[in-house]
Each structure stands twice: as C-alpha cells, then as structure tokens.
Amino acid sequence: MSLQNSITSVASSSVPQPDKFTALQSLLAPLSSPTDLQAYVTTVLAHAPSLGLVVSRPVIASYISHIVDIQCSQADKEELLSHALTVLQPTLVSYEEQDSLVREHLASLYEAQARPIEAATILRGIKLESGQRVISDDYRVDISVRILRNLLEDVDTDAIESDEGDAMPAAERILLAEDLINKTAALILKSSNPTAKLHFKLAQARVFDARKRFLEACAKYYELSHQGSEGGAGIDAEDRLTCLSAAVSCALLAPAGPARGRMLASLAKDERIKDLEGGLPLEHAMLDKLFFDNLLPAEDVKAYIVGSRRKVPRAHLISRGALLGKGDYEQDSVLDRAVTEHNLLAASKLYMNISFSDLAELLGLGSADAAEGYAAKMIQERRLRAVIDRVDGIIYFQGGGRGGLDEAEREKLKSWDAEILGVCLQVEDVVSLIQKQYPEFVVGV
C-alpha cells in the first residue's frame, strides 16, 4: 500500500483518535526522502477534516521535529521547511503554532548561512497577536528581538549607499526596525529574559544612530557601556569600551547646544574616559575639546575618525550634497555640519562679535551667507544666544567672549525692534484706510 493510501486508511478508520496519532507517527518514522516527506504532510493536511485538529496539530508538530532531526543536507531541510510553510498557508488559522515552529527553524537555517534578511522576513510572518492561542510576553519579545538583530546585521556600514540590488535596502531595514522597536518598547519592560533586554537596548542605540537621533543614541550607548553581568547576560569589558567610544562619537555628531552639553558633562565625569591607559586616548582628547568648547581643527577630526575605537558609520561621513548634486551649506555630511555647529558655538565663547566673512573663514565655509545660515538656524532652535545685524553683516554673541552685548545694548535693540514694529503697523493701517475709501485705486494697483 502506498504512503498516501496508508494515511487515507488511517484517516477514514473508526479507531480512537489517540490510535490514529500513533498510526500516523509509525508511518512518519521511517521516512527520510524529501519526496516522501512532502507527500506525507500534504496528505495529512488534505485529510485534516476527518482527522480533526486534536490529531492533525500534534502530527504536524511531530513532522516539523522529524525534519529538523533527520540526517540530510541543509538544502533539503530548507526545501522541506519551505514546502511545509506553503501547504500550511490555506489553513493557517488552524495551525498558527505549527506555522511559527516552521518559521523559527527556517530562520535558524538562514542565520547559520549568514542570510539575515531572509531570516528577518520569515520571522516577521509569525503572528504575535492571535485569538487562536495564548502567546506569552516573553515569546513576543524574543521573536521581536531576533527580528531586530537580523534586520540590523551590518546595516550601519551601507545605510546611505545605493543598494537597490539587495533583498531589502538598508534604509527600509532601519525603518522596519524602528517601527518594531516602538511596538516592543512596552513589552520589553515585562520580559524576564535579560539577554533579550540587552539586545533590545543595543538595537535601539543602533537605530537611533542610523536615524541621526544622536543624543538618544549617545545616552543608550552610554547606558550599555555600564552593562555588566546581569542574570548571565552582560557585555564584556572590551565591548563596554566600544559602547563608550560610540557614545563619544554620537556626542560629536549631535547638534551643538545645551542638551548636548548636559550629555557631555556626564561623559566627562566617567573615569574610564580619563584613564589614558584605558584604551580610549582619542576619545579622551575629543571629549575634552567638545566639553570645554574648544575649536575642532580638521586634522583632529580626521585623526579621530581614522583611529577611534568604534568607527563612525560611513553614512555620516558622506556628503548629501554629492548625492543630490547641490553645493548648499545644508547639504554637507552629518559630520561636517556637526563640527561646524560646534566650532560656531566655540567661537561664541571667544568673541563678543565677528563679521560673517571672518566667521566663514574661521569655520572653513565658502561664503559669509553660509556662516549666517548656520548661525540663524542655531539661534532659531535656541541652541545659540546671539543677535544678527544683517545690515553690517555682524553677529553679536550674548554671553560670549568677555560678555557679549551688555544689558543696555540689548534694551536698545529691543526698543529699536519695537519702533520698527510700530511703523509697520501704522503703514498697514494706512493701507486699510486707502482700501476702504478708494477701492478702485486698490484694484488698479
């Protein structure tokens, strides 16, 4: 009797369900050929209505375990698991748990073959919200963290490059990871798995870094740099130093201003940074310049980029202007903009006022307009206390140099602004009166 006929005979028999399960198990045990195994699972699912879920579910689970345990090539196992995934789809609502098992084992095969994108794609198909089975918070967190680790595999080395040929472009992977982090953030607090929590924090730091949320990335890397052994999960000393180096790099890339200043103060107090023999000499030198608002020469920045323990992601070193074909000051690389903003803030500590042409030369910019653009943006975002005199092309720093503008000068500027506002309002009133009395004149104009 053929295998299919034997399964049909068991399914149509009137024996008790436990006996049906035993009979199907005995048919499965000797099978090792991919063709026979595929025929087995296809026939069992075809007779699922007569077998009932009480029998078919454990039979499918046993089939999955059998595939994983048998001695065959990785290619054959991948083919068998992929086939099982396909035949389960029409009745997925009844076999969600079995579908999850198949996906987990298939993802493990992909991970062993260094195929993280395929692994992440397969794992994303697991239903973590279901009315058909009870799913624990720990399981949700474990699967989510596993997806994150695969999505972010080497993503920071090519996040800005053209990667249309990849199975999933790096930018898309980062966005998917960010969305998954937002969904998992509440669940991670309930998890009892310290390893999952650790990998989740690392994924957060990497996504914040890739998304240019440098202050958040800096805080998360700094937190990880203190992560010792906790319930068997921790970061070794070398990796903690790498996280500390990453925190300094993110502080360098973060927008200059009060928020970054507070983060720099925390880093500057860390004894590991101060220890010149601790393996972070370049990070120590860079942090000193950042914390004390010293000017950053281009050669110092280059030396840091080349020699820092944790390399700055290439995406932050490539000029967007080169990609977009524009030369605007806004199109510099992330690093260029960060260094320019820091040096502008440092200049505010050295000078009471300075012309934009001199400021552009100090910052290494191509024009006075570029320097004014940087200053105006930082003033608007309350990251720089200064006043711009566009007529004379001068910027006056408040609290910079030997004190910047004094109180009397600031009051004069406020009074001047108020007078200009008053004149503008009077002109607007006159225009309104003309419009009411001579509407035809206004229409003609």
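The values are calculated or read from the model by the stated rules, or taken from the named source; none is laboratory data. Note that this is a predicted model, so its numbers are computed, not measured. When we count neighbours, we look across all protein chains shown, and the Cβ atoms used for this are built from the backbone with ideal geometry, even at glycine. These accessible areas exclude ligands, DNA and RNA; they are computed on the full protein's heavy atoms, side chains included. Shrake-Rupley method; radii C 1.70, N 1.55, O 1.52, S 1.80 Å.
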Open item on the list: Restricted to Cα positions, what overall size does region 1-129 have along the principal axes? Three whole-Å values, descending.
Closed with: 47, 34, 19
- [ ] Please work through the chain and write down the cysteines that have no neighbouring cysteine Cβ at a distance under 4.7 Å.
- [x] 72, 243, 424
Open item on the list: Probe of 1.4 angstrom, ligands and nucleic acids ignored: what's the accessible area per residue over the chain, in square angstrom?
Closed with: 52 Å²
Open item on the list: Between residue 134 and residue 114, what is the label-point separation in nm under the 7 Å Cα-to-beta-carbon projection?
Closed with: 4.3 nm
TODO: Step through the residues of region 187-192 one at a time and calculate ³J(HN,Hα) from phi using the Karplus curve (6.51 cos²θ - 1.76 cosθ + 1.60, θ = phi - 60°), rounding each to whole Hz and writing x for Gly and Pro.
DONE: 5, 5, 5, 8, 6, 9
TODO: Using only Cα atoms, find the angle between the long axis of helix 3-12 and the longest principal axis of the chain, and express it within 0 to 90 degrees, rounded to the nearest 10.
DONE: 80 degrees
TODO: Tabulate in residue order the Karplus-calculated ³J(HN,Hα) for region 86-100, using 6.51 cos²θ - 1.76 cosθ + 1.60 with θ = phi - 60°, rounded to whole Hz; enter x for Gly and Pro.
DONE: 5, 6, 7, 4, x, 10, 4, 4, 8, 10, 4, 5, 5, 4, 5
TODO: Could you look at the chain and say what percent of its accessible area is carbon and sulfur, using a 1.4 Å probe and all protein chains?
DONE: 54 percent
Task: Placed amide H near residue 386: partners under 5 Å, 5+ positions off or other chain - done: 398
Task: Square roots of five times the Cα gyration tensor eigenvalues for the chain, Å - done: 63, 30, 19
Open item on the list: Once R0 is set to 60 Å, what does the formula 1/(1 + (r/R0)^6) return for the Cβ-Cβ distance between residue 394 and residue 6, expressed as a FRET efficiency to the nearest 0.05?
Closed with: 0.05
Task: Longest site-free stretch - the chain; sites: trypsin sites (Lys or Arg not before Pro), DSSP loop, at most 12 other Cβ within 10 Å - done: 1-132
- [ ] Quote to one decimal, in nm, the extra length available between residue 385 and residue 26 on full extension: 0.36 nm per residue of separation minus the C-alpha distance between them.
- [x] 121.2 nm
TODO: State the three equivalent ellipsoid semi-axes of region 251-314, derived from the C-alpha gyration tensor as the square roots of 5 times its eigenvalues, in descending order and whole Å.
DONE: 17, 16, 11
